[in-house]
Amino acid sequence: MKINLSIGSVLFLLLLNSCVGNTEEYGKKPLNLDQFNFDLNIEKFFQNEDIFRGNSDFNVSVNEEWISQDSIDMGYINYSTGSMSQDRPLAKFAGVSFESLGIITDWEDEKAIMAYANTSYATPQNITSILDKLIKDFGNPELHPEGFRGEGVNFKFIEKSKIITFSLPINYALPEPERNYGNSYYDAPSEPKQIYLTDEIYAEMKKIMADDEEMNCYLFITTPSFDAALQAANMFSGDLTHYR
(Lines give C-alpha, C1' and ligand atoms only; values in the text may rest on other atoms or scores of the structure.)
Protein backbone atom coordinates (compact mmCIF):
# COMPACT_ATOMS: atom_id res chain seq x y z
CA MET A 1 0.00 0.00 0.00
CA LYS A 2 1.41 3.37 -1.01
CA ILE A 3 1.38 6.11 1.63
CA ASN A 4 1.33 9.73 0.46
CA LEU A 5 2.61 12.44 2.78
CA SER A 6 2.51 16.13 2.03
CA ILE A 7 5.66 18.22 2.41
CA GLY A 8 4.07 19.87 5.44
CA SER A 9 3.45 16.46 7.07
CA VAL A 10 7.04 15.37 6.47
CA LEU A 11 8.41 18.59 7.97
CA PHE A 12 6.11 18.19 10.98
CA LEU A 13 7.32 14.63 11.62
CA LEU A 14 10.96 15.70 11.31
CA LEU A 15 10.41 18.55 13.75
CA LEU A 16 8.60 16.24 16.18
CA ASN A 17 11.41 13.69 16.10
CA SER A 18 13.97 16.45 16.63
CA CYS A 19 12.14 17.77 19.70
CA VAL A 20 11.75 14.30 21.20
CA GLY A 21 15.47 13.67 20.73
CA ASN A 22 16.37 16.85 22.56
CA THR A 23 14.22 16.06 25.57
CA GLU A 24 15.82 12.62 25.91
CA GLU A 25 19.41 13.76 26.34
CA TYR A 26 20.61 15.18 29.64
CA GLY A 27 21.21 18.93 29.42
CA LYS A 28 20.12 19.42 25.81
CA LYS A 29 16.76 20.72 26.95
CA PRO A 30 15.07 20.87 30.38
CA LEU A 31 13.47 17.52 31.13
CA ASN A 32 9.71 18.01 31.52
CA LEU A 33 8.77 16.33 34.79
CA ASP A 34 5.04 17.14 34.57
CA GLN A 35 4.31 13.75 32.98
CA PHE A 36 7.40 11.81 34.06
CA ASN A 37 6.67 8.06 34.00
CA PHE A 38 10.11 6.39 34.30
CA ASP A 39 10.26 5.68 30.55
CA LEU A 40 13.66 7.25 29.87
CA ASN A 41 16.07 5.52 27.53
CA ILE A 42 18.99 5.61 29.99
CA GLU A 43 21.70 4.88 27.43
CA LYS A 44 20.49 7.65 25.14
CA PHE A 45 19.80 10.09 27.97
CA PHE A 46 23.40 9.94 29.20
CA GLN A 47 25.07 9.39 25.83
CA ASN A 48 27.23 12.54 25.99
CA GLU A 49 30.32 11.52 27.95
CA ASP A 50 31.47 15.15 28.27
CA ILE A 51 28.94 15.71 31.05
CA PHE A 52 30.87 13.23 33.23
CA ARG A 53 34.29 14.73 32.46
CA GLY A 54 33.70 18.36 33.36
CA ASN A 55 33.74 19.42 29.70
CA SER A 56 30.34 21.07 29.91
CA ASP A 57 28.81 24.02 31.76
CA PHE A 58 27.41 21.49 34.20
CA ASN A 59 28.77 18.24 35.55
CA VAL A 60 27.20 14.88 36.38
CA SER A 61 28.44 12.50 39.08
CA VAL A 62 27.64 8.79 39.21
CA ASN A 63 27.55 6.73 42.41
CA GLU A 64 26.58 3.16 43.17
CA GLU A 65 24.54 2.83 46.37
CA TRP A 66 23.09 -0.10 48.29
CA ILE A 67 20.20 -0.37 50.75
CA SER A 68 20.29 -3.34 53.09
CA GLN A 69 17.81 -2.93 55.90
CA ASP A 70 15.11 -5.22 57.31
CA SER A 71 13.63 -7.08 54.30
CA ILE A 72 15.05 -4.60 51.76
CA ASP A 73 18.20 -5.55 49.89
CA MET A 74 18.73 -3.62 46.69
CA GLY A 75 21.28 -1.55 44.83
CA TYR A 76 20.78 1.52 42.67
CA ILE A 77 22.80 3.96 40.59
CA ASN A 78 22.54 7.67 41.30
CA TYR A 79 23.24 10.19 38.51
CA SER A 80 23.39 13.59 40.24
CA THR A 81 24.28 17.11 39.14
CA GLY A 82 27.75 17.84 40.49
CA SER A 83 27.91 21.44 39.33
CA MET A 84 25.15 23.61 37.92
CA SER A 85 24.07 27.08 36.86
CA GLN A 86 20.82 28.99 37.13
CA ASP A 87 21.38 29.97 33.50
CA ARG A 88 21.19 26.30 32.43
CA PRO A 89 17.98 24.75 33.78
CA LEU A 90 18.04 20.96 33.55
CA ALA A 91 14.39 20.24 34.42
CA LYS A 92 11.00 21.91 34.60
CA PHE A 93 7.79 21.27 36.49
CA ALA A 94 4.65 23.43 36.37
CA GLY A 95 6.66 25.93 34.34
CA VAL A 96 9.26 26.32 37.11
CA SER A 97 12.93 25.81 36.22
CA PHE A 98 15.30 23.60 38.23
CA GLU A 99 19.05 23.93 37.76
CA SER A 100 19.78 20.50 39.27
CA LEU A 101 18.48 17.17 37.99
CA GLY A 102 19.15 13.68 39.28
CA ILE A 103 18.15 10.32 37.85
CA ILE A 104 18.30 7.08 39.82
CA THR A 105 18.30 3.78 37.96
CA ASP A 106 18.09 0.15 39.02
CA TRP A 107 21.24 -1.86 39.72
CA GLU A 108 21.38 -3.01 36.08
CA ASP A 109 21.35 0.65 34.98
CA GLU A 110 18.46 -0.06 32.63
CA LYS A 111 15.36 1.52 34.15
CA ALA A 112 14.77 4.85 35.85
CA ILE A 113 13.23 4.45 39.31
CA MET A 114 13.44 8.09 40.42
CA ALA A 115 13.83 11.57 39.01
CA TYR A 116 14.61 14.42 41.36
CA ALA A 117 15.19 18.13 40.85
CA ASN A 118 16.31 21.05 42.98
CA THR A 119 16.40 24.81 42.69
CA SER A 120 17.78 27.40 45.08
CA TYR A 121 16.01 30.27 43.34
CA ALA A 122 12.28 29.54 43.69
CA THR A 123 9.98 32.46 44.42
CA PRO A 124 6.86 32.10 46.58
CA GLN A 125 4.89 32.24 43.32
CA ASN A 126 6.96 29.33 41.97
CA ILE A 127 6.23 27.29 45.11
CA THR A 128 2.52 28.01 44.78
CA SER A 129 2.55 27.04 41.08
CA ILE A 130 4.17 23.69 41.87
CA LEU A 131 1.87 22.88 44.77
CA ASP A 132 -1.28 24.01 42.96
CA LYS A 133 -0.50 21.71 40.02
CA LEU A 134 0.27 18.78 42.29
CA ILE A 135 -2.93 19.33 44.29
CA LYS A 136 -4.97 19.66 41.10
CA ASP A 137 -3.53 16.44 39.64
CA PHE A 138 -3.32 14.28 42.77
CA GLY A 139 -5.43 15.80 45.56
CA ASN A 140 -4.37 16.98 49.01
CA PRO A 141 -1.03 15.47 50.10
CA GLU A 142 0.20 13.90 53.29
CA LEU A 143 2.41 16.23 55.34
CA HIS A 144 5.64 15.00 56.94
CA PRO A 145 8.59 16.70 58.64
CA GLU A 146 11.27 17.42 56.03
CA GLY A 147 14.59 15.59 56.22
CA PHE A 148 16.17 13.92 59.23
CA ARG A 149 16.06 17.08 61.33
CA GLY A 150 12.43 17.87 60.56
CA GLU A 151 13.15 21.54 59.84
CA GLY A 152 10.74 21.86 56.93
CA VAL A 153 7.73 20.16 55.35
CA ASN A 154 7.44 17.32 52.85
CA PHE A 155 4.27 17.13 50.77
CA LYS A 156 3.70 13.52 49.74
CA PHE A 157 1.34 12.69 46.87
CA ILE A 158 0.66 8.96 46.54
CA GLU A 159 -0.44 7.36 43.28
CA LYS A 160 -0.63 3.72 42.28
CA SER A 161 2.23 4.00 39.75
CA LYS A 162 4.35 6.72 41.37
CA ILE A 163 4.90 8.76 44.49
CA ILE A 164 5.73 12.45 44.32
CA THR A 165 7.38 14.21 47.24
CA PHE A 166 7.79 17.98 47.23
CA SER A 167 10.27 19.02 49.90
CA LEU A 168 10.19 22.59 51.20
CA PRO A 169 12.64 23.72 53.90
CA ILE A 170 10.11 26.20 55.30
CA ASN A 171 10.00 27.33 58.92
CA TYR A 172 6.58 25.89 59.67
CA ALA A 173 5.69 23.64 62.61
CA LEU A 174 3.25 20.92 61.63
CA PRO A 175 0.25 20.37 63.93
CA GLU A 176 0.68 17.64 66.53
CA PRO A 177 -0.91 14.48 65.10
CA GLU A 178 -3.90 13.11 66.99
CA ARG A 179 -3.67 9.77 68.81
CA ASN A 180 -6.25 7.61 70.52
CA TYR A 181 -5.02 6.65 74.01
CA GLY A 182 -7.97 4.36 74.73
CA ASN A 183 -10.20 4.15 77.78
CA SER A 184 -8.01 2.06 80.02
CA TYR A 185 -4.70 2.48 81.80
CA TYR A 186 -3.53 -0.66 80.03
CA ASP A 187 -4.60 0.38 76.51
CA ALA A 188 -1.71 1.04 74.16
CA PRO A 189 -2.01 4.33 72.24
CA SER A 190 -2.87 4.02 68.58
CA GLU A 191 -0.57 5.14 65.79
CA PRO A 192 -0.75 8.92 65.24
CA LYS A 193 -3.23 9.99 62.59
CA GLN A 194 -1.78 11.15 59.29
CA ILE A 195 -1.79 14.92 58.77
CA TYR A 196 -3.01 16.20 55.39
CA LEU A 197 -2.74 19.61 53.80
CA THR A 198 -5.77 21.80 54.49
CA ASP A 199 -6.76 25.22 53.17
CA GLU A 200 -5.92 26.69 56.57
CA ILE A 201 -2.43 25.17 56.70
CA TYR A 202 -1.77 26.19 53.08
CA ALA A 203 -2.79 29.79 53.82
CA GLU A 204 -0.47 29.90 56.86
CA MET A 205 2.44 28.65 54.76
CA LYS A 206 1.80 31.27 52.09
CA LYS A 207 1.99 34.01 54.75
CA ILE A 208 5.34 32.67 55.97
CA MET A 209 6.74 32.62 52.41
CA ALA A 210 5.34 35.99 51.35
CA ASP A 211 8.47 38.02 52.08
CA ASP A 212 10.99 35.51 50.72
CA GLU A 213 12.72 36.38 47.46
CA GLU A 214 14.46 33.06 46.80
CA MET A 215 13.78 29.66 48.33
CA ASN A 216 15.16 26.15 48.16
CA CYS A 217 12.86 23.32 47.10
CA TYR A 218 13.19 19.72 45.98
CA LEU A 219 10.93 17.57 43.81
CA PHE A 220 11.14 13.75 43.89
CA ILE A 221 9.22 11.41 41.58
CA THR A 222 9.74 7.76 42.47
CA THR A 223 8.34 4.29 41.99
CA PRO A 224 6.40 2.88 44.97
CA SER A 225 8.93 0.06 45.39
CA PHE A 226 11.88 2.45 45.59
CA ASP A 227 9.96 4.69 47.98
CA ALA A 228 9.52 1.68 50.26
CA ALA A 229 13.26 1.01 50.09
CA LEU A 230 14.09 4.62 50.94
CA GLN A 231 11.71 4.53 53.90
CA ALA A 232 13.55 1.47 55.20
CA ALA A 233 17.02 2.97 54.68
CA ASN A 234 18.75 4.50 57.69
CA MET A 235 21.18 6.73 55.79
CA PHE A 236 21.02 9.07 52.78
CA SER A 237 23.41 11.43 51.07
CA GLY A 238 23.09 14.48 48.84
CA ASP A 239 19.62 15.67 47.88
CA LEU A 240 18.08 12.43 49.16
CA THR A 241 18.56 13.71 52.71
CA HIS A 242 15.50 15.87 51.99
CA TYR A 243 13.34 12.95 50.89
CA ARG A 244 11.77 12.23 54.26
State, to one decimal in nm, how far the label point of Lys207 lies from the label point of Lys160, with both points 7 Å from Cα in the Cβ direction. 4.0
Could you check the simple spin-label distance between Asn216 and Asp87, using points 7 Å along Cα→Cβ, in nm with one decimal? 2.5
Normalising by the residue count of the stretch 23-102, find the relative contact order in percent from Cα pairs under 8 Å and 6+ residues apart. 29
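Would you mind classifying the stretch 70-176 by shape? Square roots of the alpha carbon gyration tensor eigenvalues, ordered a ≥ b ≥ c; an a/c under 1.5 is rounded, otherwise it is prolate if a/b is larger than b/c and oblate if not. Don't skip to the end; give the middle numbers.
On the way: a/c = 1.57, a/b = 1.15, b/c = 1.37.
Since a/c reaches 1.5 but b/c is at least a/b, the shape of the stretch 70-176 is classed as oblate.
Based on the inverse mean of 1/r over its pairs of different Cα atoms, what is the Kirkwood hydrodynamic radius of the stretch 101-162, in Å?
On the way: mean 1/r = 0.0721 Å⁻¹.
Final number for the Kirkwood radius of the stretch 101-162 is 13.9 Å.
May I ask you to compute the full-extension gain from Asp132 to Trp107, defined as 0.36 nm times their residue separation minus their alpha-carbon distance, rounded to one decimal in nm? Let's see the in-between values first.
Values: separation 25, 0.36 × 25 = 9.00 nm, distance 3.44 nm.
Roughly 5.6 nm would be gained on extension.
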Once you put a point 7 Å from the Cα of Asp34 and another 7 Å from the Cα of Ser68, both along the Cβ direction, what distance in nm separates them? 4.4
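Give me the number: length gained by fully extending Asn171 to Asp199, i.e. 0.36 nm times residue separation minus the C-alpha to C-alpha distance, one decimal in nm. Let's see the in-between values first.
Details: separation 28, 0.36 × 28 = 10.08 nm, distance 1.78 nm.
Computed gain between Asn171 and Asp199 is 8.3 nm.
My understanding is that a pair violates if its Cα-Cα distance is over 29 Å; which of Lys29/Lys136; Lys92/Lys193; Lys136/Lys207; Lys92/Lys207 do that in this structure? Please list the in-between numbers first.
Details: Lys29/Lys136 26 Å; Lys92/Lys193 34 Å; Lys136/Lys207 21 Å; Lys92/Lys207 25 Å.
Pairs exceeding 29 Å: Lys92/Lys193.
Which whole-number value in Å² is the accessible area per residue of the stretch 66-146, probe 1.4 Å?
Values: 3500 Å² over 81 residues.
It amounts to 43 Å² per residue over the stretch 66-146.
Just add up the charged neighbours of Trp66: K/R +1, D/E -1, any other residue whose Cβ is under 13 Å from the Cβ of Trp66.
-4
Across every pair of different alpha-carbon atoms, what Kirkwood hydrodynamic radius in Å does the stretch 48-96 reach?
On the way: mean 1/r = 0.0764 Å⁻¹.
Value: 13.1 Å, from the Cα pair sum.
The values are calculated or read from the model by the stated rules, or taken from the named source; none is laboratory data. Treat the numbers as computed from the prediction; the structure is a model and nothing was measured. Here the Cβ is made from the backbone with ideal geometry for all residues, glycine too, and neighbour counts use every protein chain on show. Surface areas here come from the heavy atoms of the whole protein model, side chains and all, with no ligands, DNA or RNA. Shrake-Rupley method; radii C 1.70, N 1.55, O 1.52, S 1.80 Å.
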